[in-house]
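Enquirer: The structure follows.
No value in this document is a laboratory result; all are computed from the given coordinates. Please read these numbers as outputs of a predicted model, since none were measured by experiment. Don't worry about glycine lacking a Cβ; one is built from the backbone with ideal geometry, like all the others, and counts go over all protein chains shown.
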Amino acid sequence: MLHLLPQTPPYEVVIDRTEWYFGETAVNVLMVGIAHEGMAFPITWAALPSKGGSGVEAQTEVLERFLEIVDPDSIKVITADREFISVPWMRRLQDRGIPFAIRLRSDRRIWEAPEGPSLPARMYARTVSLGSERVLEGMRYLSGAQENRSQEDRTPVRVVMRRIGDEDAEDPFLILATSGIDPDVATALYERRWEIETMFAALKSRGFNLEETHVTEPGKVENLIGLLALAFGWARLVGEERAAREGGPSTKSHGRKERSLFRYGLDRLQNILSTPEPQDQAFFRCLTGLRSPSVFVAGGHSGGI
């Protein structure tokens, strides 16, 4: 999949989990992708054996698969939500020299020093006004689930907080634990995490309808996602080439694009394959995107077929 990504390092990496059900059977997939212009590219994934959140063992396994393909030095940042907040997970990233920005729960306790008292994160954030940010001064420390762990079990991070809702909001704060990045740009980097959500939508309801296949056995789910990931990358490349050649999808009145570049490319491929008159030349041109993605996309700027 990395071959199909029309982008060079350093990469903004996103990790998340998606889950759906066939009857009472949960299908639970953990995935690592690379953010790319609004929609992440899937790179590695693992189908989990049971429903619910992933543990540090599964997170580490899918990360190690990713690092077999991408060198840690090629990673600008990893962003993740509140499922990925364990100290062993953060330490593994730090040990590998991988920068991160990970969202914390508002009740997560933060230490000002390796030893001494701690406070819930929301106590530091309560004075932040709506839309404003605060970077806590100096290094702060996080511990595991048990509050009485020794200071050796605490990991150092920089903490960034932004108020994103009023007092009536369920969680009015975006609180990030960061390492290896400038904390002043942490929230901007974290915003790219949303691109894995749009990729999940492309694999599911807004594209390939993955959840309607009724496949539930983890090994088969992983194989199916492999095929769909390849098709996703191809459709996205065709969409980028089409946008360069014809102009991009139209913009709606609220300012958003009518279709994503993935959908734009998928519609192009469906049109080529479903028209009564064969479009061999157009189809084989699209196939070249699988062999030479950058050349293919660049060809759209020069007016290819």
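Enquirer: Once the piece of chain linking residue 85 and residue 231 is laid out straight, how much longer is it, given 0.36 nm per residue of separation minus the C-alpha distance between them? Show your work: numbers first, answer last.
Expert: Numbers: separation 146, 0.36 × 146 = 52.56 nm, distance 3.21 nm.
Answer, rounded to one decimal: 49.4 nm.
Enquirer: Taking 0.36 nm per residue of separation and subtracting the Cα-Cα distance, what length does fully extending residue 291 through residue 253 add?
Expert: Separation in residues times 0.36 nm, less the Cα-Cα distance, equals 9.9 nm.
Enquirer: So, one more: Provide the gained length on full extension for the span residue 61 to residue 105, in nm with one decimal, where the gain is 0.36 nm per separating residue minus the Cα-Cα distance. Walk me through the numbers on the way to the answer.
Expert: Details: separation 44, 0.36 × 44 = 15.84 nm, distance 2.39 nm.
My answer for the length gained is 13.5 nm.
Enquirer: Determine the calculated [θ] at 222 nm for the chain from helices alone, applying -39500 (n - 2.57) to every DSSP H run no shorter than 4 residues and normalising by the residue count; nearest 500 deg cm²/dmol. Please list the in-between numbers first.
Expert: On the way: 9 runs with 105 residues, N = 305.
The helix contribution divided over the chain gives -10500 deg cm²/dmol.
Enquirer: Report Rg (one decimal) and Dmax (nearest whole number) for the chain, counting Cα atoms only, units Å.
Expert: 21.4, 75
Enquirer: Could you give the size of the charge dipole of the chain about its Cα centre, using +1 on the Cβ of each K and R and -1 on the Cβ of each D and E, expressed in debye and rounded to the nearest 20? All intermediate terms of the calculation are to be shown ahead of the outcome.
Expert: On the way: 37 positive and 43 negative charges, 96 e Å.
With Lys and Arg at +1 and Asp and Glu at -1, about 460 debye.
Enquirer: Of the options 271, 210, 34, report the single residue whose Cα projects farthest towards the positive end of the charge dipole of the chain (beta-carbon charges: Lys, Arg +1; Asp, Glu -1).
Expert: So the residue furthest toward the plus end is 271.
Enquirer: Calculate the length of the line joining the C-alpha centroid of region 153-217 to that of region 109-129, in whole Å.
Expert: Going from one Cα centre to the other spans 22 Å.
Enquirer: Calculate, for residue 212 and residue 71, the FRET efficiency according to 1/(1 + (r/R0)^6) with r their C-beta to C-beta distance and R0 30 Å; round to the nearest 0.05. Before the final figure, lay out the partial values.
Expert: Details: r = 37 Å, r/R0 = 1.24.
Plugging the Cβ-Cβ distance into 1/(1 + (r/R0)^6) gives 0.20.
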